[in-house]
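To start, the structure itself, in structure tokens.
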Amino acid sequence: MPTSRSFLPLAYPSVKRSLAALAVITALLIGLRWQAVSHLSSHYLGGFEGDGGLYVWLTENAWRDLTERPWFNTGAFYPYGKSLAWSDNYILPSLSAALLERLGSSPVAAYNLTLLGAAALTAFCTFLLAHALTRRFDAGLFAGIAVLSLSYFASNLGHPQLQLFFWVPLGLLFLFRFMARPNLGDAVVCGVTAAGSFLCAIYYAIFLIASYAVLLGALVLLRPWYLARREWIGLAAALLIGFSPALPFVFPYVAVKSAFGARGLYESFYFSATALSYFSAAPLNFLYSSTAALSHSEAWLFPGFAILLPALISLKRLGGTKKLRLLNIALLGAVAVCLLSSCLSQFRPWSFYLCAGTAWIALVLSALLVFRIGALERQLGFEIFTNRALQAQWAFLALTFLVLSLGPLGNPEKGEYALGVFRLFYAIFPGMDSLRAISRAGIMVIFAAVILASFFLAILAEKKAWGRYAILALSCLVILEGVNRTYPLDAAPPLPAVLAKAQEKRLSGDVVLFLPMSSGLDDNRQVESWGDFATNNVRYMNWAATAGLLTVNGYSGQRTNLMRDYPGLLRDFPDDRSIARISAISNLRFVVVQTAKIPNFSRENFFARIKAQGTQIALLGADDTGNYLFEFIGQTKLSNSTALLFPSFPLGFATLELMAPYEKIPREIALKLKIADTQWKDLIIKTNGLWENYAVPLPESTDLVKPFKLSFELSDGAEIYLRSRRFAPQ
């Protein structure tokens, strides 16, 4: 590839100016997050409940599990496998926290410093990108301050993975470096940033890769022959080389998708944005809390007028000539109809179809406008990539992600056609079919608006003597518009005292089950509130990890049959039905019941059920807060309907402790073992009344996620008992 080309002049700040920008960003960050800074070692930024607690668990366990457990297995969701790939894997933040702890930081401080550092990096990388493009320090610093102050990030502190946005401006900076001087090094770094983002927040990794495609597509429209064929081939190869370190981490996601399937379009339909989302701020926003009702919590996307208005003004340059005016008017009309119809769900499905149709028209017209801008510039003899061309690129990026954030624009579950732009991306773009909250694509619209605003302010500062003061005033306004009155900040709840007994008695591979999984159930014994389920089970995940136990409990990006069925089936633990159900779980040894979370709990009935189970369970202890610890014995008389669940990954053995009652005339009973209703092994059980262990190797499975279902076939009249069912990895 060529090593130099006077095409896109970029300007990088000096070390002194970079340090000055970093100082401003750090000071602002401390001010905006002062509550967290003042409770750095005691309270978790973003909270400990729900999604916040999930990422506390990931931070403290992802790296350790990755290095100590089978690849991508975790200590939760037992007996399922590859559970680190059920959501963002969060590996790099977990590694960062582990390194900080090695340096003497407490776990809470390490967690908070990782998030605060990510916010500072996001602002600083945005500053570098905007400075490079606008070639002005003040415009670049405005962009960094604007991104740091966004209400979007403050309102999503309970989603810590969404704070790790810095890979996007960093990756785009190197993409523009590549455009300016095509070379393998910058292209490889583009791939590395996508890989880094994948190891932090998968949404952003997908958005970053899509941004590469959109911006490069706009480059082709603007300057069709700028890159030669060999340069495109080199770029593709370099991107793959840069991304290749992440490939071992991608394959578990492929396995999870194979097991559970792609997300249904109905999910992205319900979690999509509308035009009103871009005028909706979080309820804790200082100035605009009243707008929260305009959208759902995943789509509070209002960036503030200090960003929105300069960004819109900057777009005037794109259609300023007479030759482009008609095309520009048509484009604005299509966008206006698209946005208006996105808000008219009461007229569905026709409003959706109108929105989808005009979204496609707007996208085609915008591509045509970008092409015409490039053609006019080429006719005028421009050899460099002008500011107008750069703004056209960013406007094209903003519009693409705007129409993506509107989702499929139709719910196939309701018999509607999904005709939105997202529907095509869902079908052909890698990873898009794994996204539920497609409204999060709106962050790319906001980010593009920040860059477009910085272009306008840079031009203003160059042409007007008061331009610098305008930048200062808008920087202050953007901070004010983004301020939230408060944000989630929680101390970790104490570990139940009864778990100390389980810690004393635990053996390697022991599993604990926490009940209730969900405090509220409907009339069909189904989970009434998945928010309540998340709160309970995230807390249980963290408790189990602290106690050094595997757990059946868990909450993440996938819902298993156990998550759906067990809350209702185990509601009346310990009764016969619940004991029969948990008898299926290999390695289950402890059950913790939080009676304070059971509606209308009756202590008398609870102890009556305990007594009725006899030796099936043993009460090991209780504490003052109503937590009870049981050891599960689970002696079971086998039948043809008995089924046990064992992990399918890694390879291992099912160790069964079996006994056939004593008979005066000893005989041997054939016991057939089946996996997925297919005969696997035969065991011979002697009728000597003695408990004996049988280690049965489990087969290699193509499904490394869902557990094996081990069942039995007994001969007529055979009587065999099972006391222990353990999984032991090879």
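No lab work stands behind these numbers, since they all come straight from the coordinates. What you see is a predicted model; the values in this text were computed from it and never measured. Ideal geometry is used to build each Cβ from the backbone, glycine not excepted, and the neighbour counts take in all protein chains shown.
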The range 430-493: chymotrypsin sites (Phe, Trp or Tyr not before Pro) in DSSP loop, at most 12 other beta carbons within 10 Å
466
Residue list for the range 561-604, given a label point 7 angstrom along the Cα-to-Cβ vector of residue 528 and an amide N cut-off under 12 Å:
598-600
Percent RCO, i.e. relative contact order, over the range 571-730, from Cα pairs under 8 Å lying at least 6 residues apart
29
Which lysines have a Cα less than 28 Å from the Cα of residue 706, not counting those fewer than 8 places away in the same chain?
82, 257, 637, 672, 674, 681
FRET efficiency for residue 476 and residue 572, using Cβ-Cβ distance with R0 set to 51 Å, rounded to 0.05
0.30
Whole-Hz ³J(HN,Hα) from phi, Karplus 6.51 cos²θ - 1.76 cosθ + 1.60, for the range 72-84, glycine and proline x:
6, 7, 10, x, 10, 6, 4, x, 6, x, 6, 6, 5
Under 5 Å between amide H atoms, partner at least 5 residues away or on a different chain: which partners does residue 105 have, H built in plane at 1.01 Å?
none
Subtract the Cα-Cα distance of residue 103 and residue 232 from 0.36 nm times their separation in residues, and report this length gain in nm to one decimal.
42.0 nm
Averaging sequence separations of C-alpha pairs under 8 Å and six or more residues apart, then dividing by the length of the chain, give the relative contact order as a whole percent.
15
Once phi is turned into ³J(HN,Hα) by the Karplus curve 6.51 cos²θ - 1.76 cosθ + 1.60 with θ = phi - 60°, what whole-Hz value does each residue of the range 38-43 show in order, with x for glycine and proline?
6, 10, 4, 9, 10, 10
Cα extents of the range 15-482 per principal axis, largest first, Å, are 64, 58, 53
Select from the range 611-704 those GluC sites (Glu not before Pro) which occupy a DSSP coil region and have at most 15 other Cβ atoms within 10 Å, ordered by residue number.
663, 700
Can you list which of the trypsin sites (Lys or Arg not before Pro) found in the range 630-720 are DSSP loop residues with at most 13 other C-beta atoms within 10 Å?
664, 667
Express in nm, to one decimal, how much length is gained between residue 692 and residue 728 on full extension, taking 0.36 nm for each residue of separation and deducting their alpha carbon distance.
11.3 nm
Simple label model, 7 Å out from Cα along Cβ direction - residue 684 to residue 322, nm
10.1
Calculated from DSSP H runs of 4 or more alone, at -39500 (n - 2.57) each and per residue, what is the 222 nm mean residue ellipticity of the chain, nearest 500?
-16000 deg cm²/dmol
So the FRET efficiency between residue 595 and residue 618, C-beta based with R0 = 22 Å and rounded to 0.05, is 0.80
Taking a label point 7 Å from the Cα of residue 465 along Cα-to-Cβ, the residues of the range 120-156 whose backbone nitrogen sits under 15 Å from it are none
Got a sec? How would 528, 413 order by Cβ neighbour count within 10 Å, fewest to most?
413, 528
If you project the alpha carbons of the range 36-139 onto the principal axes, what extent comes out on each, in Å, largest first?
56, 31, 27
Reachable lysines from residue 501, Cα under 24 Å, same-chain residues fewer than 8 places away excluded?
597, 611
Stretched fully, the stretch from residue 564 through residue 23 gains (0.36 nm per residue minus C-alpha distance, one decimal, in nm) 189.8 nm
Net charge of Cβ neighbours under 11 Å - reference residue 158; Lys, Arg +1; Asp, Glu -1
-3
Mean Kyte-Doolittle of at least 0.5 and a Cα length of 24 Å or more along the axis: which whole DSSP H helices of the chain meet both?
15-32, 107-134, 202-222, 322-341, 350-379, 387-405, 442-463
Please give the FRET efficiency for residue 287 paired with residue 14, using the beta carbon to beta carbon distance and R0 = 41 Å, rounded to the nearest 0.05.
0.70
Lysines near residue 316 by alpha-carbon distance under 24 Å, same-chain residues fewer than 8 away left out - which ones?
463, 464
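Sort 532, 186 so the one with the fewest other Cβ atoms within 10 Å of its own Cβ comes first.
Exposure proxy ranking, most exposed first: 532, 186.
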